[in-house]
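All of the numbers you see were taken from the coordinates with simple rules; none came from a lab. Predicted model only: the values in this text are computed from it and were never measured. For neighbour counting, all protein chains shown are included, and Cβ atoms are generated from backbone atoms with ideal geometry for every residue, glycine included.
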Amino acid sequence: MDKIRIRGGKRLEGIIPVSGAKNAALPLMAASLLTDSKLTLSNIPYLADVITMANLLVQHGVALHMDEKSLDPSGFGRTLTLQAAKIENFTAPYELVRTMRASVLVLGPLLARFAQAKVSLPGGCAIGTRPIDLHLKALEQMGALIELADGYIHAFVKGRLQGADIAFDKVTVTGTENIMMAAVLAEGKTTIRNAAREPEVVDLAECLVKMGAHIEGIGSDTLTIVGVKSLRDASHRVIADRIEAGTYAAAAAITGGDIELSGIDLKALSNVIEKFAEAGVLIEASANGVRVSRKNGLHGVDIMTQPYPGFPTDMQAQMMGLMTIADGASMITETIFENRFMHVPELSRMGAKINVHGSSAVVRGVERLAGAEVMATDLRASVSLVIAALAAKGDTLINRVYHLDRGYERLEDKLAACGAEIERVKA
Ligand code: EPZ
């Protein structure tokens, strides 16, 4: 397994191109199952999870082509064409689903178009049990017959899915996406209340509308979808990854650097700008994107993760990494997942002072961290170790970086281009 070695202490300066959003690309790719027409997606990030989703769709029978030459001017972002004209296999197998929970996003489309699906239960992951009960309950309300057996979801529909009035007990991002896709071809009207409002959910809705879907309330917590018989060819550009951008903002900030994040606009970072400003980090619009800089010291800030437009749980670990050397204390509360502090013991091995009490962690800033050999455990925990290592004294060696490769396209190249001393140590 590859490792990443970082020698801390270099200020980051320069431009970091932001890739397309992983959490938009995955549902957008699954949406190809809804039609025998062609779906063309540009600005697709080249990530392990995208390759897993591509493999999953191909084994269902989707004709998929990634145009290698189709790089964006930034050198990132590929164009993918998908066409689900000949779907013969309705099973999403365990060996693929266990590597990527977002595989569950094929469930809604398969049921909506083919009235059958056999999808492996995703099982838990490092950050929590992550059930999909809300997805299944909503699909049953739409007329799906669902049975759980031998680790699989066996789902059937007599005739077509029926529109229904769905109210989610909890805000669920992929739950909202799964039901929105199911509703697009269902008979009649579906209302989704307490819907997730993340920009990635909005991006999927906007693409579905381009494909011919009838969706109202996009961006709000109440979506109304009137089913249609079929969908047409469409092209869509995946939005920039606001979590990747926020991650590199934290990386620049911890080194006292000054970088431009290109390919993203200030609005995409609206729900984190305030917290960064409170911590002493300036995020402002620039010619080609967003500029991140720090004039003075870092201050501890309190953070509580919330569904959008609150502070994103996918930025919690990164902010904790930044806070390890801030003046004063920070209280970081994780309200979305029950076990998303796996980065704490690893940061502590670098000298961070963090105390966890249930779903809250108190971080007391120290003068400087010390490099150490550490272990990546999940995608965002891994990148918080990278952030800490960039400012630590000495070398840090991060093991199991396959976690990073799931969500960060060529991270070491993007950071090295801004002066970081970082290299991938091939296994
Ligand atoms: C999506 O996961 C993202 N993944 C996650 O990003 C992100 O952390 C999460 O949303 C929250 O923003 C993708 O979009 C592919 P949820 P998802 O359903 O949809 C509970 C990353 O780092 N819940 O919004 O799986 C659940 O346990 C990944 O890129 C139920 O109880 O998250 C959690 O506590 C990690 N029953 C809460 O809701 C359900 O049926 C929110 O989960 C569904 C969810």
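Observations on the model:
- For residue 222, residues with placed amide H under 5 Å, excluding near neighbours: 195
- A Förster distance of 51 Å, applied to the separation of the beta-carbon atoms of residue 147 and residue 2, puts the FRET efficiency at 0.80.
- Sparse-neighbourhood loop sites, trypsin sites (Lys or Arg not before Pro) in segment 1-106 - DSSP loop, at most 10 other Cβ within 10 angstrom: 69, 86
- Evaluating kT/(6 pi eta Rh) at 10 °C and 1.306 mPa s, with the Kirkwood radius of segment 224-379 over Cα pairs in the Stokes-Einstein relation, gives 94 µm² s⁻¹.
- Ratio of the Cα radius of gyration of segment 15-84 to 2.2 N^0.38 Å, where N counts its residues: 1.06
- Computed from phi, the 3J(HN,Hα) profile of segment 405-414 under the Karplus parametrisation 6.51, -1.76, 1.60 (θ = phi - 60°) reads 5, 5, x, 10, 7, 6, 3, 5, 5, 5 Hz, with x in place of Gly and Pro.
- Reported value for the chain: 125 Å³ per residue, from the convex hull of its C-alpha atoms.
- Inter-site label distance for residue 210 and residue 425 at 7 Å from Cα along Cβ, in nm: 4.3 nm
- Using 0.36 nm per residue and subtracting the Cα-Cα separation, the extra length available between residue 67 and residue 417 on full extension is 123.5 nm.
- Mean-position separation - Cα centroids, segment 315-389 and segment 230-286, in angstrom: 21 Å
- Mean separation of Cα contacts under 8 Å (6+ apart) over length of segment 37-99, as relative contact order %: 43 percent
- Segment 136-196-segment 12-41 distance, computed between alpha-carbon centres (Å): 23 Å
- Cross-link pairs 295/426; 38/426; 10/353 - those with Cα-Cα distance over 31 Å: 295/426; 38/426
- Coarse-grained scattering of segment 138-292 at q = 0.08, 0.16, 0.20 Å⁻¹, given as base-10 log I(q)/I(0) from a Debye sum over alpha-carbon atoms: -0.34, -0.90, -1.14
- DSSP beta bridges in the chain [antiparallel fraction, %, rounded to 5]: 70 percent
- Two-decimal Rg to Rh for segment 52-93 - Kirkwood Rh, Cα set: 1.10
- Kirkwood-based Rg to Rh ratio, segment 207-265, C-alpha trace: 1.22
- The sum of -39500 (n - 2.57) across all DSSP H runs of n ≥ 4, divided by the residue count of the chain, sets its helix-only mean residue ellipticity at 222 nm to -8500 deg cm²/dmol.
- The Kirkwood radius of segment 1-123, taken over pairs of alpha-carbon atoms, gives through the Stokes-Einstein law at 25 °C and 0.890 mPa s a diffusion coefficient of 156 µm² s⁻¹.
- For the chain, the relative contact order comes to 21 percent (Cα pairs under 8 Å, sequence separation of at least 6).
- Whole-Å semi-axes of segment 299-365's equivalent ellipsoid (Cα gyration tensor): 18, 13, 10
- Put a dot 7 Å past the Cα of residue 59, heading toward its Cβ, do the same for residue 370, and the two dots end up 4.6 nm apart.
- Shown in residue order for segment 224-241 are the 3J(HN,Hα) couplings computed by the Karplus curve 6.51 cos²θ - 1.76 cosθ + 1.60 at θ = phi - 60°: 10, 10, 10, x, 10, 6, 7, 10, 10, 4, 8, 10, 8, 9, 5, 5, 5, 8 Hz (x for Gly and Pro).
- Amide H to amide H, with H built 1.01 Å from N, residue 280 comes under 5 Å of 299, counting only residues 5 or more places away or on other chains.
- Of the trypsin sites (Lys or Arg not before Pro) found in segment 379-427, those in coil by DSSP whose Cβ has at most 12 other Cβ atoms within 10 Å are 426.
- Gaussian network model of the chain, Cα within-10 Å springs - most flexible of 45, 199, 93: 93
- Just so you know, the Rg over Rh for segment 121-189 is 0.98, from Cα atoms, with Rh as the Kirkwood radius.
- Debye intensity ratio I(q)/I(0), log10, segment 148-227, q values 0.11, 0.26 Å⁻¹ (C-alpha model): -0.28, -1.23
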